[in-house]
Amino acid sequence: GEDVEQSLFLSVREGDSSVINCTYTDSSSTYLYWYKQEPGAGLQLLTYIFSNMDMKQDQRLTVLLNKKDKHLSLRIADTQTGDSAIYFCAGPLGGYQKVTFGTGTKLQVIP
Amino acid sequence: DTGVSQNPRHKITKRGQNVTFRCDPISEHNRLYWYRQTLGQGPEFLTYFQNEAQLEKSRLLSDRFSAERPKGSFSTLEIQRTEQGDSAMYLCASSLEQYGYTFGSGTRLTVV
């Protein structure tokens with residue numbers, strides 16, 4: 001079935017760049033999302049990218065999409081302690097209207 | 001409009017009891033979704049509504065689960081005869097068409 005996979009954990013030092021990776025199975029997805037979840041909170045939409053784009057930049061966030069390899073990444077420049085959270089890659093897979101989420105990558109920022 | 005609102009924030013119930021959660025979406029959003037999230041996992045889709053019509057239900061949604069969205073506004077999710085395996089965070093989201101879900105803070109259910 002349709003799937004979204006992410007590495008479980010990433011640790012970076014404050015001020016460094018973080019790169020969170022995601023692979024997905026369905027190449028027909030028209031758009032893909034990155035969500036952020038802080039402890040005890042709901043999910044916050046960070047950014048999204050349409051499938052006809054290779055890259056999208058939004059302030060400290062850069063999203064790269066490689067459709068051939070079905071690979072999506074989120075780069076956070078100048079990572080801050082407030083960026084510590086779980087980051088989810090998500091998209092409508094299999095032509096369905098609903099969004100399928102990955103298992104999430106926990107980002108730990110070391111001061 | 002302050003976003004998607006979910007009530008209650010926390011619910012502790014005894015096994016076998018029925019529980020009902022409420023979600024108030026962003027007013028202009030026509031789509032409403034319910035997801036379930038357990039510890040260490042991403043949200044899993046349960047069901048979604050377009051206006052008042054329930055258009056898709058997951059296999060995860062057993063006969064004990066029912067969701068409604070009367071008049072296409074707020075939605076309720078009811079779980080009958082709760083089991084310990086139902087313990088999870090229940091998340092509601094809304095969107096205008098299929099772009100950019102906005103999530104509520106969730107209802108954490110603990111079945112003891």
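The values are calculated or read from the model by the stated rules, or taken from the named source; none is laboratory data. All values derive from a computational prediction rather than experimental measurement. Cβ coordinates were reconstructed from backbone atoms using ideal geometry, including for glycine residues, and neighbour counts include every protein chain displayed.
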Closer than 28 Å to A:SER29 by Cα, modelled with pLDDT under 95, touching a strand residue (DSSP E or B) at 6+ places or on another chain (Cβ under 7 Å) and surrounded by fewer than 21 Cβ atoms within 10 Å (Cβ to Cβ): is that true of B:LEU60 in this structure? yes
So A:LYS68 clears everything in (1) more than 21 Å from A:ALA41 (Cα to Cα); (2) within 11 Å of chain B (Cβ to nearest Cβ) except one condition, right? Which one? (2)
Taking the options B:SER105, B:SER62, name whichever one is more than 12 Å from chain A (Cβ to nearest Cβ), among the polar types (S, T, N, Q) and either at negative phi or in contact (Cβ under 8 Å) with a residue 60 or more places away in the chain (or both). B:SER62
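Can you tell me which of B:LEU55, B:LEU46 is assigned to a strand (DSSP E or B) and more than 14 Å from the chain's Cα centre (by Cα)? Step through it out loud before you land on a result.
Details: B:LEU46 fails: more than 14 Å from the chain's Cα centre (by Cα).
Of B:LEU55, B:LEU46, the one residue that is assigned to a strand (DSSP E or B) and more than 14 Å from the chain's Cα centre (by Cα) is B:LEU55.
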Given the conditions (1) surrounded by fewer than 13 Cβ atoms within 10 Å (Cβ to Cβ); (2) assigned to a strand (DSSP E or B), and given that A:GLY40 satisfies all but one, which numbered condition is not satisfied? (2)
With the requirement that a residue be in a loop (DSSP other than H, G, I, E, B) and exposed (fewer than 14 other Cβ atoms within 10 Å of the Cβ), what does region A:52-66 give you? A:ASN52, A:ASP54, A:GLN59
Test B:GLU68 against the stated conditions and say whether it is acidic (Asp, Glu) and closer than 25 Å to A:SER7 by Cα. no
For A:GLN108, are the conditions met, namely being more than 14 Å from chain B (Cβ to nearest Cβ) and either modelled with pLDDT under 95 or assigned to a strand (DSSP E or B) (or both)? yes
Matching residues in region B:1-43 - criterion: being over 19 Å from B:VAL111 (Cα atoms), of a type in the set (D, E, K, R) and either touching a Lys or Arg at 6+ places or on another chain (Cβ under 7 Å) or away from chain A (no Cβ under 14 Å) (or both): B:ASP1, B:GLU28
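Of the residues that make up region A:79-88, is at least one within 10 Å of the chain's Cα centre (by Cα) and either part of a loop (DSSP other than H, G, I, E, B) or touching a residue at least 60 places away in the same chain (Cβ under 8 Å) (or both)?
Looking for residues that are within 10 Å of the chain's Cα centre (by Cα) and either part of a loop (DSSP other than H, G, I, E, B) or touching a residue at least 60 places away in the same chain (Cβ under 8 Å) (or both), one finds at least one in region A:79-88, hence yes.
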Quick one: would you say A:VAL109 is crowded, with 20+ Cβ neighbours inside 10 Å and under 22 Å from B:GLN41 (Cα atoms)? yes
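Test A:GLY82 against the criterion of being touching a Leu at 6+ places or on another chain (Cβ under 8 Å) and either under 30 Å from B:LEU60 (Cα atoms) or of a type outside the set (Ser, Thr, Tyr) (or both), and give yes or no.
Working: touching a Leu at 6+ places or on another chain (Cβ under 8 Å): no; either under 30 Å from B:LEU60 (Cα atoms) or of a type outside the set (Ser, Thr, Tyr) (or both): yes.
Spelling it out, it is not the case that A:GLY82 is touching a Leu at 6+ places or on another chain (Cβ under 8 Å) and either under 30 Å from B:LEU60 (Cα atoms) or of a type outside the set (Ser, Thr, Tyr) (or both).
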